[in-house]
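The values are calculated or read from the model by the stated rules, or taken from the named source; none is laboratory data. Quick caveat, the model's predicted, so the values are computed rather than measured. Here the Cβ is made from the backbone with ideal geometry for all residues, glycine too, and neighbour counts use every protein chain on show. With ligands, DNA and RNA removed, areas are computed over all heavy atoms of the protein, side chains included. Shrake-Rupley method; radii C 1.70, N 1.55, O 1.52, S 1.80 Å.
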Amino acid sequence: MLVMLLFVIIAGAATLLPGYLLCRSWRCGATLPASLIVSLVVLYEAIFLLQITGVAIRIGAVAVAMTVITAACAIVGHVTRHRQPAGPSDTPSAEPPSTETSNDHPRRRVIERVMIAACLAVLGLLTLRLCLVPLTGLDTMFRWDRLALLMLREGNLDYYPPRTAADFHLYFFADGHAPLASFGHYLMYAIYAALSPSDASPPEVVTSLLVVMQVAALGWLIARTVILHTSSTIAGCAAVLLAASSYTMLWAVSMGQENGLIALSVVGVYYFLFQGERADDRWRAVALAACAATLGALSREYGVAIPVIGLIAARGLGYSWRQLATFAGVCAALGASWYVRNWVLTGNPIYTIDFAGLFPVNEVYAAIARGYQQRGGLTLTMIGIAVVFFAIRMGLVLVVGIAGFVAGAPRRGVLAVGVLILTVLWLKAIGYTYGWQYSTKVLTPVLAIMAIVGVCAAWQHRHRIPGGSKTCGSVIVIAALMAMLNAALYPKPPFDQPPTAWPGMVTARYLTAPDFEWDLLKAFIRAEVPRDQRILSESGYAHMLLGGVGYDVVPPWSPEVAFLFDPAVDRDERLRRLAELRITLVIDYPHRLADIYLDSEPFYGEKYGWTKLSESADWTVYRVGPSQVKRPAVTHDAVPMVLTPVVTTASPVGVSERADRPAR
């Protein structure tokens, strides 16, 4: 308990103090969102600096690097202060006057307190659920969290993006996306590991602190953006509750991936630019908005669109061309380094996305992605289905947001541009993600904007329509109840289960892998195969779970097995080379989207030299080899397996304990 308390204090300070000191130095308002945004950008720059200089990425070195960067930026802010005497937070805002009469003040204060309490209740319930079920995304375990744990063990990023067989042994996927979300997880793990060095692997729950802080900062920015245009705390809280009433919104920003950072980035850009409109000096507002845009660009490749959104918004709000140039320059200076590194290492700044054939890619991985797009790519039919799916999925916030755009919310033009660009990115992303539902996580910033627009318009017109105030109040109550329900049952959608099941879901834990068959699969291979034999599989879960107990799982896109897809290599030669590499097993997933491409290749399609060992509804295990003796197929029930914990002295990233842990 003492270790966890110290962790919360130290980790909280590490993720807020650098940004707080810089914001104070720049005299631009040291709020929670601004401090967190700037601190995370400083964290990225510190780790990147250590990587390119060859210094081991350890918590002490990271702390020193963050201190040096913070001090340097503070000096620059102090030197330039005489040129820009007042920041946006130092100048009184020309906010619209409240339309409430003085007789309403006591009643309004009560409503404000109730609204604030409702927002805090949502955050408290979500915090409870994140402590019980952290890192809930389908691929968080073997991508974002995996990279953070590898950084903790290896002390570098030499293997990322992966390019060699040795790299793919450590990091399974051919990813190269900007890693700020993983850097945040790393910081949490590293601080906890320093406080409790006896623990073999830091618990996943420590990452929940940063996720909660991101959610709180996002809610704060949504509320403050609305307050800028309404001068009403009630309206600001209403926007937060409306956004949280969408299950997709709360689920996506809390899963431990880039989505919370992207939403924080977009809303931050708009907030700081709106705030700068009301200030005598816009330059620091431009700098903060650029930091917010950089946060998104460093979180995922599609976040590169956020600086573009910021430039369009700034011009639409009347910022000068010099200020736009400053915005673009700060974004480039802070955010371009990762894409330059990717370009140098792989020849592709957005490795390994195939961008119109302009850059080299991992051919097998890119071909699998094209198979995804065949199933759910951007066609007119898919766009129509997506729009209907979007409408059903988003619910109340979508209706209120569209009504706000139609009714004429303040600044709806610049906000509509952001919604349009982000929606197009989502439509394009459908073909790269696993299923329609999972793709909606890309829409989190759109939902935040919809909540802002809808509440601002409703507040502006509430007295012009008979019964408008009562209608708005009813919508707020419904939104608050839905928000609390979403938070209490996270990560499950409330209406997937009957209401009678809800009380048990509040304290429920869930398996780290999709279902128990992963454990059966692990147990089967542990019982049948010596540890010196290797396995071919496209599953990140197999790589994590089996790698955690000592097996080497090779992805089909590793250059080590590129010959499997070479038409010049005959099928007997393929089996011979696999035997030389000690790859004797293949785990096949007949219902996976990856099989759209894999089954079109002779090695997977013909299954020459494959002998079925075991199968279930979701997977089939084959033995492969040049002289393989045929054996009768059996189900996993016929294979002797014992699901007992496995104790190992070493594992790729210290995940042997997690692999055998049945629940979070």
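Any idea which of ILE47, ILE57 is part of a loop (DSSP other than H, G, I, E, B), within 14 Å of PHE183 (Cβ to Cβ) and hydrophobic (A, V, I, L, M, F, W, C)?
ILE57
What's the number of the only condition in (1) at pLDDT below 95; (2) farther than 30 Å from TYR271 by Cβ; (3) not in a helix (DSSP H, G or I) that ALA367 fails to meet?
If we test ALA367 against (1) at pLDDT below 95; (2) farther than 30 Å from TYR271 by Cβ; (3) not in a helix (DSSP H, G or I), just (3) comes out false.
Kindly provide the set of residues from the range 448-464 that are outside any helix (DSSP H, G or I) and open to solvent by 50 Å² or more (accessible area, probe 1.4 Å), ordered by number.
If we filter the range 448-464 for residues that are outside any helix (DSSP H, G or I), which is where we start, we get 462-464.
Selection gives HIS463, ARG464.
Given the criteria over 19 Å from TRP343 (Cα atoms) and either polar (S, T, N, Q) or touching a residue at least 60 places away in the same chain (Cβ under 8 Å) (or both), does VAL110 qualify?
Details: over 19 Å from TRP343 (Cα atoms): yes; either polar (S, T, N, Q) or touching a residue at least 60 places away in the same chain (Cβ under 8 Å) (or both): no.
When the stated conditions are applied, VAL110 does not pass them.
Given the options ALA451, ALA407, name the one that is hydrophobic (A, V, I, L, M, F, W, C) and free of Cβ contacts under 8 Å to residues at least 60 places away in the same chain. Walk me through how you get there before you give the answer.
Numbers: ALA451 fails: free of Cβ contacts under 8 Å to residues at least 60 places away in the same chain.
Going through ALA451, ALA407 in turn, the sole match is ALA407.
Would you check which residues across the range 143-160 are part of a loop (DSSP other than H, G, I, E, B), open to solvent by 20 Å² or more (accessible area, probe 1.4 Å) and of a type outside the set (S, T, N, Q) and list them? Even if it seems obvious, please write down each step before you answer.
Of all residues in the range 143-160, those part of a loop (DSSP other than H, G, I, E, B) come to 143, 155-160.
Then drop every residue that is not open to solvent by 20 Å² or more (accessible area, probe 1.4 Å), which leaves 143, 156, 158.
Of everything in the range 143-160, those that are part of a loop (DSSP other than H, G, I, E, B), open to solvent by 20 Å² or more (accessible area, probe 1.4 Å) and of a type outside the set (S, T, N, Q) turn out to be ARG143, ASP158.
Looking only at the range 468-493, how many residues end up being basic (Lys, Arg) and touching a Lys or Arg at 6+ places or on another chain (Cβ under 9 Å)?
First, the residues of the range 468-493 that are basic (Lys, Arg): 470, 492.
Adding the requirement that they be touching a Lys or Arg at 6+ places or on another chain (Cβ under 9 Å) leaves none.
Matching residues across the range 468-493 total 0.
To keep it simple, each residue is scored yes or no on (1) closer than 24 Å to VAL215 by Cα; (2) open to solvent by less than 40 Å² (accessible area, probe 1.4 Å); (3) touching a strand residue (DSSP E or B) at 6+ places or on another chain (Cβ under 8 Å); (4) touching a residue at least 60 places away in the same chain (Cβ under 8 Å).
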| site | (1), (2), (3), (4) |
| --- | --- |
| ILE430 | no, yes, no, no |
| VAL446 | yes, yes, no, no |
| GLY468 | no, yes, no, no |
| ALA479 | yes, yes, no, yes |
| ALA488 | yes, yes, no, yes |
| PHE495 | yes, no, no, no |
| ALA501 | no, yes, no, no |
| GLY504 | no, no, no, no |
| THR507 | yes, no, no, yes |
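Can you tell me how many residues in the range 531-569 are in a helix (DSSP H, G or I) and either touching a residue at least 24 places away in the same chain (Cβ under 8 Å) or more than 16 Å from THR164 (Cβ to Cβ) (or both)? Break it down stepwise before answering.
First, pick out the residues of the range 531-569 that are in a helix (DSSP H, G or I): 540-547, 559-565.
The next check asks that each one be either touching a residue at least 24 places away in the same chain (Cβ under 8 Å) or more than 16 Å from THR164 (Cβ to Cβ) (or both); those that pass are 540-547, 559-562, 564-565.
Here the count works out to 14.
Please tell me if VAL211 is surrounded by fewer than 24 Cβ atoms within 10 Å (Cβ to Cβ), in a helix (DSSP H, G or I) and of a type in the set (A, V, I, L, M).
no
In the list LEU273, LEU298, which residue meets the criterion of being more than 29 Å from ALA148 (Cβ to Cβ) and open to solvent by less than 10 Å² (accessible area, probe 1.4 Å)?
Working: LEU298 fails: more than 29 Å from ALA148 (Cβ to Cβ).
Every option except LEU273 fails the conditions.
Within the range 17-36, how many residues turn out to be in contact with a helix residue (DSSP H, G or I) (Cβ under 8 Å, 6 or more places away or on another chain), free of Cβ contacts under 8 Å to residues at least 60 places away in the same chain and either open to solvent by 10 Å² or more (accessible area, probe 1.4 Å) or in a loop (DSSP other than H, G, I, E, B) (or both)?
Residues flagged as in contact with a helix residue (DSSP H, G or I) (Cβ under 8 Å, 6 or more places away or on another chain), free of Cβ contacts under 8 Å to residues at least 60 places away in the same chain and either open to solvent by 10 Å² or more (accessible area, probe 1.4 Å) or in a loop (DSSP other than H, G, I, E, B) (or both) within the range 17-36 amount to 6.
Can you tell me which condition PHE603 does not meet? The list is (1) farther than 25 Å from TRP144 by Cα; (2) of a type in the set (A, V, I, L, M, F, W, C); (3) assigned to a loop (DSSP other than H, G, I, E, B); (4) at pLDDT 90 or above, and all the others hold.
(3)
How many of the residues making up the range 283-317 are assigned to a helix (DSSP H, G or I), within 30 Å of TYR432 (Cβ to Cβ), touching a residue at least 60 places away in the same chain (Cβ under 8 Å) and among the hydrophobic types (A, V, I, L, M, F, W, C)?
Residues flagged as assigned to a helix (DSSP H, G or I), within 30 Å of TYR432 (Cβ to Cβ), touching a residue at least 60 places away in the same chain (Cβ under 8 Å) and among the hydrophobic types (A, V, I, L, M, F, W, C) within the range 283-317 amount to 9.
Please specify each residue of the range 49-59 satisfying the condition of being touching a residue at least 60 places away in the same chain (Cβ under 8 Å) and open to solvent by less than 70 Å² (accessible area, probe 1.4 Å).
From the range 49-59, those touching a residue at least 60 places away in the same chain (Cβ under 8 Å) are 51-52, 56-59; that's our starting set.
Scanning the range 49-59 gives GLN51, ALA56, ILE57, ILE59.
Answer yes or no: is there a residue in the range 393-409 that is at pLDDT below 85, out of contact with any Lys or Arg (no Cβ under 6 Å at 6 or more places or on another chain), more than 15 Å from TRP426 (Cα to Cα) and open to solvent by 40 Å² or more (accessible area, probe 1.4 Å). So that I can check it myself, show each step before the final result.
Filtering the range 393-409 for residues at pLDDT below 85 gives 393-395, 408-409.
After this cut, where a residue has to be out of contact with any Lys or Arg (no Cβ under 6 Å at 6 or more places or on another chain) as well, the list is 393-395, 408-409.
With more than 15 Å from TRP426 (Cα to Cα) added as a condition, the list becomes 395, 408-409.
Add one more test, that the residue is open to solvent by 40 Å² or more (accessible area, probe 1.4 Å), and what stays is none.
Scanning the range 393-409 turns up no residue that is at pLDDT below 85, out of contact with any Lys or Arg (no Cβ under 6 Å at 6 or more places or on another chain), more than 15 Å from TRP426 (Cα to Cα) and open to solvent by 40 Å² or more (accessible area, probe 1.4 Å).
Among all residue pairs at least 6 apart or on different chains, which show Cβ distances below 7 Å where the first residue, located in the range 136-148, is free of Cβ contacts under 8 Å to residues at least 40 places away in the same chain and the second is not hydrophobic (A, V, I, L, M, F, W, C) and not in a helix (DSSP H, G or I)?
Filtered contacts from the range 136-148: LEU147/TYR160; LEU147/TYR171; LEU147/PRO179.
Return yes or no: is ASN342 in contact with a Lys or Arg (Cβ under 6 Å, 6 or more places away or on another chain), open to solvent by less than 10 Å² (accessible area, probe 1.4 Å) and modelled with pLDDT of 95 or more?
Working: in contact with a Lys or Arg (Cβ under 6 Å, 6 or more places away or on another chain): no; open to solvent by less than 10 Å² (accessible area, probe 1.4 Å): yes; modelled with pLDDT of 95 or more: yes.
No; evaluated as a whole, the condition is false for this residue.
Mind listing whichever residues of the range 486-506 are assigned to a loop (DSSP other than H, G, I, E, B) and out of contact with any Leu (no Cβ under 7 Å at 6 or more places or on another chain)? Walk me through it before giving the result.
First pass over the range 486-506, keeping only residues assigned to a loop (DSSP other than H, G, I, E, B): 490-493, 497-498.
Of everything in the range 486-506, those that are assigned to a loop (DSSP other than H, G, I, E, B) and out of contact with any Leu (no Cβ under 7 Å at 6 or more places or on another chain) turn out to be PRO491, LYS492, PRO493, GLN497, PRO498.
Does ARG129 satisfy being in a helix (DSSP H, G or I), at pLDDT 95 or above and closer than 30 Å to ILE227 by Cα?
Details: in a helix (DSSP H, G or I): yes; at pLDDT 95 or above: yes; closer than 30 Å to ILE227 by Cα: yes.
Spelling it out, ARG129 is indeed in a helix (DSSP H, G or I), at pLDDT 95 or above and closer than 30 Å to ILE227 by Cα.
Residues of the range 576-598 being open to solvent by 70 Å² or more (accessible area, probe 1.4 Å), within 19 Å of ALA562 (Cβ to Cβ) and assigned to a loop (DSSP other than H, G, I, E, B), which ones?
Residues of the range 576-598 open to solvent by 70 Å² or more (accessible area, probe 1.4 Å): 576-577, 580, 582, 591.
From what's left, within 19 Å of ALA562 (Cβ to Cβ): 576-577, 580, 582.
Residue satisfying the conditions is ARG582 alone.
Quick check: anything in the range 233-249 within 28 Å of SER320 (Cα to Cα) and in contact with a Gly (Cβ under 9 Å, 6 or more places away or on another chain)? Give the derivation first.
Residues of the range 233-249 that are within 28 Å of SER320 (Cα to Cα), as a first pass: none.
Within the range 233-249 (the criterion being within 28 Å of SER320 (Cα to Cα) and in contact with a Gly (Cβ under 9 Å, 6 or more places away or on another chain)), the answer is no, since none of the residues qualifies.
Of the residues ALA190, ALA121, ALA148, only one is modelled with pLDDT of 95 or more and either out of contact with any helix residue (DSSP H, G or I) (no Cβ under 9 Å at 6 or more places or on another chain) or closer than 22 Å to TYR302 by Cα (or both); which?
Values: ALA190 fails: either out of contact with any helix residue (DSSP H, G or I) (no Cβ under 9 Å at 6 or more places or on another chain) or closer than 22 Å to TYR302 by Cα (or both); ALA121 fails: either out of contact with any helix residue (DSSP H, G or I) (no Cβ under 9 Å at 6 or more places or on another chain) or closer than 22 Å to TYR302 by Cα (or both).
Residue meeting the stated conditions: ALA148.
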